[in-house]
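Accompanying notes for the structure given below.
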Amino acid sequence: MNGKERRNKIVRMLSDSEVPISGKELAGILDVSRQVIVQDMALLRAQDYKIISTNQGYILSGEKKASRVFKVFHSDSEVEEELKLITDCGGYVEDVFVYHKVYGVVRAELNIGSRKDVSEFLDELKKGHSTLLKNITSEYHYHTVSASSAERLDFIQTELQKRGFLAKLKDYEPIDFGEGKKN
């Protein structure tokens, strides 16, 4: 995990937590030193995150962001348009995941919040021999998208629908993540 990914994970952890998280706890979870966490906090504060240090740990001040999962469908040539549509509407694409009939849920962090992030993501794909995760499930995939409010997510959903990127949801049997398997 690189520094940017680690800091994004710290922000998500602090956003999701109702109580302060200590630097020691963050360091243990992220497998880095406490000093790295202190440096990450300074960098996050420089990016205007309202992180407060308390005697019990770090907390993220301010409003909680809303998030929603969108099931989408499109071709490889439309990936850039889809991601830019979401970011231009004020969304942050946290991840991409698919439900594979053999492998189950396959998820990858994206952390895309701007056109620049979209370009960097697509450039990295072009450098390697990898393909988009959606290609293992006939182009159907999901994105967790966060935004400043539920209303902003409604707007993103409307724009994805207008463009024809939203896939129809179907009722499926619950996915067994390996818990309670029967022999």
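The values are calculated or read from the model by the stated rules, or taken from the named source; none is laboratory data. Worth saying up front: this structure is predicted, and the values here are computed from it rather than measured. Glycine also receives a Cβ, built like all others from the backbone with ideal geometry; neighbour counts cover every protein chain displayed. Just the protein is used for accessible areas: all its heavy atoms, side chains included, with ligands, DNA and RNA removed. Shrake-Rupley method; radii C 1.70, N 1.55, O 1.52, S 1.80 Å.
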Place a point 7 Å from the Cα of Tyr99 along the Cα-to-Cβ direction; which residues of region 120-156 have their backbone N under 12 Å from it?
141-142
At 0.36 nm per residue, and after removing the present C-alpha to C-alpha distance, how many nm does the segment from Glu159 to Ala66 gain when stretched out fully?
31.8 nm
Roughly how many nanometres apart are two label points built 7 Å out from the Cα toward the Cβ at Gln35 and Lys4?
2.6
Based on the Cβ-Cβ distance of Met13 and Ala167, what FRET efficiency does E = 1/(1 + (r/R0)^6) give at R0 = 41 Å, to the nearest 0.05?
0.85
Listed here are the pairs Lys71/Lys168; Lys65/Lys162; Lys134/Lys162; which of them are more than 18 Å apart at the Cα?
Lys65/Lys162; Lys134/Lys162
When the charge dipole of region 124-167 is computed with +1 at the Cβ of Lys and Arg and -1 at the Cβ of Asp and Glu, the Cα pointing farthest to the positive end, of Ile136, Thr158, Leu125, is that of Leu125
Anisotropy class of the chain from Cα gyration tensor, a/c 1.5 cut
prolate
Order 46-56, 90-100 from most to least packed using the mean count of other Cβ atoms within 10 Å.
90-100, 46-56
Point-to-point label distance, Ala46-Glu120, nm (Cα→Cβ direction, 7 Å offset)
1.4
How much length is gained if the chain between Glu25 and Glu78 is pulled fully straight, taking 0.36 nm per residue apart and subtracting their Cα-Cα distance, in nm to one decimal?
15.0 nm
Carbon plus sulfur, as percent of the 1.4 Å-probe accessible area of the chain, comes to 49
With every protein chain kept in place and a 1.4 Å probe, region 20-96 has an accessible area per residue in Å² of 55
